[in-house]
Amino acid sequence: MAQQLTTQNEMDAFAEQVARELGTHCRTRPGYPHKLGRIIIDDENRGLRLYQYDPRRPDRLQIYAGLPDETQVQAPSIKVTAISPAHVAREISRRLYPLHAQALQQVTQLTARQQAEERARRTVAEAIAAHLPGARVEEQHRRTRIIWQPTPAPTGQHAPAQVDSLSVTVGASGDRVHVEAGGPPHAVLPMITALVRASQE
């Protein structure tokens with residue numbers, strides 16, 4: 001018969017037993033506030049978040065395997081009945097760990113692609129900025145900007161709200177670059193010239 005996990009103490013005790021079934025060096029720690037749950041750190045330092053996701057079914061758990069970066073790849077999870085700690089541990093090993101390995105591979109591939117994009121953007125941006133005295137390079141989310149003010153504001157005065165800039169974006173593979181210049185003609189022309197010079201070097 002499945003265990004009814006209705007209190008945090010019951011959840012804590014059950015998670016401790018699951019941790020022992022998973023491995024000799026597994027440990028647990030508190031989950032997030034306002035949720036009936038517990039976190040298990042397994043022998044390979046993977047974080048497993050156990051939650052009771054439906055109070056009407058206190059015998060059902062949802063278990064997530066944490067990722068180093070969950071902003072782009074969703075943490076894999078399984079739902080399992082709390083028949084016994086041994087049963088839950090088997091389901092984690094049989095169903096959740098393979099999903100976790102696939103998700104980690106996706107994270108690794110995305111990270112490598114984004115690093116290639118960033119290197120390509122920085123190479124282009126720094127080559128252009130070298131021809132624009134006083135230009136600075138700024139990283140934004142998957143976008144690099146070159147900020148350049150050919151005519152600095154007089155001392156004691158605030159710089160204009162609209163600065164002249166180049167934005168550099170790179171395709172998903174890191175091998176195609178798009179450059180966009182913004183500002184009045186007298187500022188854009190030197191930026192385009194700097195881009196041409198950089199491409200000829």
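For the stretch 4-41, the candidate set comprises residues that are in contact with a Cys (Cβ under 9 Å, 6 or more places away or on another chain) and among the hydrophobic types (A, V, I, L, M, F, W, C); within that set, the residue that is farthest from Ala86 (Cα to Cα) is Ile41. Return the residues of the stretch 28-48 that are among the small types (Gly, Ala, Ser) and either under 17 Å from Glu10 (Cβ atoms) or assigned to a loop (DSSP other than H, G, I, E, B) (or both); say none if nothing qualifies. Those that are among the small types (Gly, Ala, Ser) and either under 17 Å from Glu10 (Cβ atoms) or assigned to a loop (DSSP other than H, G, I, E, B) (or both): Gly31, Gly37.
Filtering the stretch 60-78 to residues that are open to solvent by 40 Å² or more (accessible area, probe 1.4 Å) and more than 24 Å from the chain's Cα centre (by Cα) leaves only Arg60. When residues in the stretch 1-44 are screened for being touching an Asp or Glu at 6+ places or on another chain (Cβ under 9 Å), open to solvent by 30 Å² or more (accessible area, probe 1.4 Å) and of a type in the set (S, T, N, Q), 3 of them pass. Exactly one residue among Arg119, Arg113, Arg94 is surrounded by fewer than 13 Cβ atoms within 10 Å (Cβ to Cβ), of a type in the set (Lys, Arg) and in contact (Cβ under 8 Å) with a residue 40 or more places away in the chain, and that residue is Arg119. Each residue in the stretch 50-59 was checked for being free of Cβ contacts under 8 Å to residues at least 24 places away in the same chain and open to solvent by 40 Å² or more (accessible area, probe 1.4 Å), and 3 pass. Of the residues making up the stretch 115-151, those that are under 23 Å from the mean Cα position of the chain (by Cα) and among the basic types (Lys, Arg) are Arg119, Arg121, Arg122, Arg142, Arg143, Arg145.
The values are calculated or read from the model by the stated rules, or taken from the named source; none is laboratory data. As the structure is a computational prediction, the values presented were derived from the model and not from experiment. As a convention, Cβ positions derive from the backbone with ideal geometry for all residues, glycine included, and neighbour counts pool all protein chains shown. These accessible areas exclude ligands, DNA and RNA; they are computed on the full protein's heavy atoms, side chains included. Shrake-Rupley method; radii C 1.70, N 1.55, O 1.52, S 1.80 Å.
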